[in-house]
Amino acid sequence: MDAAISSLEPTPLVATRPGAKRIRTPIVPAATADHPAIHYFLEAVFDRNWAAEFRAACDDPNYRPGDRLLLRRGPRLLGHVRISRRTMQFDCSRVPAYGLHELCIIPSMRRQGYGAYLLGAAERAMADAGAYVGWLRTSSPHFFRRSGWALCGRHNYSRADARSLLAQLWQRGVPQRRGRAWHIRPWRQWETGSLARIYQQNLFGAHGWPVRDDGYWNWLLGRPAFDEIYVAIEGPEQLELGERNTRLIGYAVVRGARIIELLTAPDRPRAALELLARIATDALEHDRSDLTFHAPAEHPLHGVFLDAGGLHQHVQADRGEVHMARALDPVRLMQAMAEVFRRRVERARVSSPVELGFFVEGRKYLLEADGDSAQASAHRLGRSYLAMNVADFTRLLLGQLDWDWALRDRRIECSTALAQQFGRILFPTVPLYRPVWDEWPLA
């Protein structure tokens, strides 16, 4: 599949920066035999124990040794970058969106163009492997911005005092004190399928969430990024194999004083309050005064934290790190999102087919959509088009473009009034969110 994809045109949106230093040091894919040297290299560069992170990355069910690219001179390792293969849910569509991790160069060779050289190789490798979008989390956004990466998505979390949370929940009749319909207890290993079911029920319509198959779930639960998983059980409090006498209706993943994922069955929203009450109670028993809750901005539990006198943060940087993305293959990305565009055109009730072009730093693309279908192509523009740079094009495609700001600052130029109208219909701003559990640091 990878070879078939890489042989197709048009060439993905990856290129060497004009004026970049010409470097001849080879970049090669790693082999299994390179793992000990890579492990030692990462610990030396990042100056911390890398054993847990390295083992977890290698245990990823989609991992291949060749997904690590090495910059080397003879036997000496000079640089490293790793690619993770993921599929992203985007509304009703699924998009190959690969992660980029651990891009590093030895200190003596920094600021000489080697980082950009390795980044360019990683972009090409992701595109060749079938990725339409690249994702990363970084504390150095300026470095990646120079290569066309764009800030995409925000961190959403709320923080409040655990006692205040319990007082607020008590006012709401939580935890349930009479005729208990459900119970909160620690997760059991055989309930993995139930966690997957709850996640799947919340996945459709999400923007940015990773698709988790059985192998991915087993890897995620084996990755030591959490301390406890609580589950909400509807029915008698029994520990039965399967769900013959009990029904799991929600779960919460906790790391220290942070709730890093909490989901419930869509028809059982109150289970979220019950889970929060149990977590807050246990936090006090462990002498943790504050609780932090990570979830999409629209999650109703944020309101509980605010009512308890807490705060809600909707910020680009968390612990100094931001999310960034780049459209590696815009044509295939738009083709993968055909059903999304079709639905948007149908909801807008546009009388004629929508034809919108894009002029992106010398490259031309055309999107044609109506209520029945949508298709994208390269090397065509049309009469109504939008002109922009690569970073803003990525934001546009992923629903992260602030239209008023972009037009006011002339970051987008519209060839016609229809171009702006069609652009707002096809690419509205959406609540993109990257769940934190999947990439929570292990150290």
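The values are calculated or read from the model by the stated rules, or taken from the named source; none is laboratory data. Keep in mind it's a predicted model, so treat the numbers as computed, not measured. A quick note on method: Cβ atoms are made from the backbone with ideal geometry, for glycine too, and the neighbour counts reach across all protein chains shown. Ligands, DNA and RNA are stripped out before the accessible areas are found, and what is left, the full protein with its side chains, is counted by its heavy atoms. Shrake-Rupley method; radii C 1.70, N 1.55, O 1.52, S 1.80 Å.
Here is how the numbers come out for the structure above:
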item: Yes/no for Ala127 being buried (at least 21 other Cβ atoms within 10 Å of the Cβ), in contact (Cβ under 8 Å) with a residue 40 or more places away in the chain, assigned to a loop (DSSP other than H, G, I, E, B) and in contact with an Asp or Glu (Cβ under 8 Å, 6 or more places away or on another chain); result: no
item: In region 59-87, residue nearest to the chain's Cα centre (by Cα) [restricted to those that are open to solvent by 40 Å² or more (accessible area, probe 1.4 Å) and more than 20 Å from Gly120 (Cα to Cα)]; result: Thr87
item: Qualifying residue in region 133-150 (condition: surrounded by fewer than 22 Cβ atoms within 10 Å (Cβ to Cβ), β-branched (Val, Ile, Thr) and under 30 Å from Ala116 (Cα atoms)); result: yes
item: Trp190 vs. criteria closer than 30 Å to Arg288 by Cα, hydrophobic (A, V, I, L, M, F, W, C) and touching a Leu at 6+ places or on another chain (Cβ under 9 Å); result: yes
item: Among the residues listed as Leu291, Leu301, Leu311, the single one being open to solvent by 50 Å² or more (accessible area, probe 1.4 Å), out of contact with any Gly (no Cβ under 7 Å at 6 or more places or on another chain) and modelled with pLDDT of 95 or more; result: Leu311
item: Of all residues making up region 363-381, the number that are of a type outside the set (Lys, Arg) and in a strand (DSSP E or B); result: 10
item: Qualifying residue in region 402-417 (condition: polar (S, T, N, Q) and either under 24 Å from the mean Cα position of the chain (by Cα) or under 16 Å from Arg344 (Cα atoms) (or both)); result: no
item: Qualifying residue in region 103-110 (condition: of a type in the set (Val, Ile, Thr), assigned to a strand (DSSP E or B) and open to solvent by less than 40 Å² (accessible area, probe 1.4 Å)); result: yes
item: Answer from Gly235, Gly208 - the residue that is at positive phi and either at pLDDT 95 or above or surrounded by 20 or more Cβ atoms within 10 Å (Cβ to Cβ) (or both); result: Gly208
item: Extreme residue, surrounded by the fewest Cβ atoms within 10 Å (Cβ to Cβ), among residues of region 382-413 that are of a type in the set (Phe, Trp, Tyr) and either in a helix (DSSP H, G or I) or in contact with a Cys (Cβ under 6 Å, 6 or more places away or on another chain) (or both); result: Trp405
item: Residues of region 262-274 satisfying the condition of being open to solvent by 10 Å² or more (accessible area, probe 1.4 Å), outside any helix (DSSP H, G or I) and not basic (Lys, Arg); result: Leu263, Thr264, Pro266, Asp267, Pro269
item: Matching residues in region 343-376 - criterion: being more than 20 Å from Pro330 (Cβ to Cβ), open to solvent by 80 Å² or more (accessible area, probe 1.4 Å) and touching a Lys or Arg at 6+ places or on another chain (Cβ under 9 Å); result: Asp372
item: Check on Gly153, modelled with pLDDT under 95 and either of a type in the set (Asp, Glu) or over 22 Å from Pro96 (Cα atoms) (or both); result: no
item: Test set (1) in contact with a Gly (Cβ under 8 Å, 6 or more places away or on another chain); (2) of a type outside the set (Ser, Thr, Tyr); (3) surrounded by 17 or more Cβ atoms within 10 Å (Cβ to Cβ); (4) at pLDDT 95 or above - Ala31 fails condition number; result: (3)
